[in-house]
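The values are calculated or read from the model by the stated rules, or taken from the named source; none is laboratory data. Here the structure is a predicted model, which means the values were calculated and not measured. Cβ placement follows ideal geometry from the backbone for every residue including glycine, while neighbour counts extend to all protein chains displayed.
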Amino acid sequence: MKTLLRNGRILDPSQNMDEIGSVLIENDQVVEIGKIEDLSDIDEVYDCTGFWITPGLVDMHVHLREPGDEHKETIISGTQAAAAGGYTTICCMPNTSPPLDNPAIVDFILDRAASPEAGGVFVAPVGAITKGLKGEELSNLAAMKRAGIVAASDEGFPIQNSQIMNRAMVFCNQIGLPIMAHCDDSNLSKGGSMNEGAVSAMLGLQGIPRTSEEIATMRNCLLSLHTRCPVHIMRVSTWGAVEIIRLIKSLGAPVTCEVCPMHFVFTEDDIGEFDTKFKMQPPLRTKVDVELLLQGLQDGTIDCIASDHSPHASHEVDVPFDEAPFGASTIEATLGATLTYLTHRGILSPLETIRKLSTMPAFILNLDGGTLKPEDLPVAQVTVIDPDVEWTFDRNKSFSKSKNTPFHKMKMKGKAVLTFSGSEIYRDAIYPAERYAIYI
Ligand SMILES: [Zn+2]
């Protein structure tokens, strides 16, 4: 089977490639990139004129909710949503029920993700650092690594005890497992539901101070500097955290970080009349924070863009603001939001956009992906993006089971139109049918 993606703008940050050409996939593998004019033994052709052909997008921060909360999302619905968002690899977080803290659950997730009903997207599990996400006793990280986890994290239950975090970093460094750290001093943030400041005071809501994120960011950065354990800081939201990460990188610590689209698109002002779709942890911050996040993206302090896709059922979010859960369903909107708010506004070039959405996340977690180089990919992972199509995000058309998204009704420019994981796993209705030809 030979599939030709013809005449697109090939953007492959792993080889600094930005040129017009075609990509040939044969037997689920990329075999040729460049000018391919001979169509004589091609089985199918997708005309990509005006589109980008990129390495499949990689989302290192996704909540699939299975096992335990299948009413919010399942591995099947979540991977289908990922494919529609342009992703070919996603990392799933361990705060499931029971938590992902032993090899049996790793096996379960990998089995489910490989089932024919799933979206065809590779799922790379992230294991809990401590048993039950309790922050007390390390889980069997070595056994989970053998079973297939790619990183360790206690995610939304960040380890408060510095001695235990230090021990985790020493051990993870020995076994070659990166740590992903959501940074929050929970004694400072406890009971809060939005950014602490004038807006929280006006709304009468308890605030989450920026120091709760920054103190934990500083601690984790220092522990990484001294243990040499690779640490990836999740969902950075304050200008202070960006400055801390910039400093620790300059000192040579193996620290990387991500930002989520909610934090560069919205501010605390968007909460308006207590709209729970805008309730995040860390919370939406201020215009000054957004400005500094954009600078951090431009100068490379912020390495990646991740969705932090956090689905919740409608009945769970239709409650008073301070009772609602944190997080939003975002995986199908992240690429569109990034193109609209960063690329089309000149914050990131097209190549840098794809680097932050694919090549860097794959590199940081040693995943197969983030490149079009055949020798680095067991299976072709390719995304075709129409960068200029204007569309409106509609949560009712999403594949995710949950509709709790602040991006509903947002006008976006740019969308994934084809996603390949070996063969086609998603074709958007926007992709023109007449541009596809089959010869078998
Ligand atoms: Zn998360």
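Numbers for the structure displayed
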| read-out | value |
| --- | --- |
| Filter result (within 17 Å of residue 182 (Cα to Cα) and not aliphatic (A, V, I, L, M)) within region 249-266 | 254, 256, 257, 258, 260, 261, 263 |
| Of all residues in region 144-166 being out of contact with any helix residue (DSSP H, G or I) (no Cβ under 8 Å at 6 or more places or on another chain) and among the hydrophobic types (A, V, I, L, M, F, W, C), the one that is nearest to the ligand (Cβ to nearest atom) | 151 |
| All positions within region 331-365 that are more than 17 Å from residue 388 (Cβ to Cβ), out of contact with any helix residue (DSSP H, G or I) (no Cβ under 6 Å at 6 or more places or on another chain) and among the hydrophobic types (A, V, I, L, M, F, W, C) | 333, 357, 360, 362, 363, 364, 365 |
| Enumeration of residues in region 48-77 that are within 16 Å of the ligand (Cβ to nearest atom) and either under 20 Å from residue 418 (Cβ atoms) or not assigned by TED's automatic domain parsing to the domain that holds residue 307 (or both) | 58, 59 |
| Those residues of region 91-137 which are out of contact with any Leu (no Cβ under 8 Å at 6 or more places or on another chain), under 20 Å from residue 163 (Cα atoms) and not in a loop (DSSP other than H, G, I, E, B), in sequence order | 132, 133 |
| Neighbours by Cβ (under 8 Å, 6+ apart or cross-chain): first from region 291-314, farther than 18 Å from residue 337 by Cβ; second away from the ligand (no atom under 16 Å from the Cβ) and modelled with pLDDT under 95 | 313/71; 313/401; 314/403 |
| Any chance residue 276 is surrounded by 24 or more Cβ atoms within 10 Å (Cβ to Cβ), outside the structural domain of residue 388 (by TED's automatic domain parsing) and either more than 16 Å from the ligand (Cβ to nearest atom) or under 13 Å from residue 405 (Cα atoms) (or both) | no |
| Where a residue in region 28-40 is under 12 Å from residue 6 (Cβ atoms) and its partner, wherever it lies, is among the small types (Gly, Ala, Ser) and part of a loop (DSSP other than H, G, I, E, B), with Cβ under 9 Å and at least six apart | none |
| Test: residue 347 is closer than 21 Å to residue 415 by Cα, within 16 Å of the ligand (Cβ to nearest atom) and free of Cβ contacts under 8 Å to residues at least 60 places away in the same chain | no |
| Residue tally, condition within 23 Å of residue 193 (Cα to Cα), out of contact with any Cys (no Cβ under 9 Å at 6 or more places or on another chain) and crowded, with 20+ Cβ neighbours inside 10 Å, over region 206-226 | 3 |
| Residue 361 being in contact (Cβ under 8 Å) with a residue 40 or more places away in the chain and outside any helix (DSSP H, G or I) | no |
| All positions within region 388-409 that are in contact with a Gly (Cβ under 9 Å, 6 or more places away or on another chain) and surrounded by fewer than 18 Cβ atoms within 10 Å (Cβ to Cβ) | 388, 390, 391 |
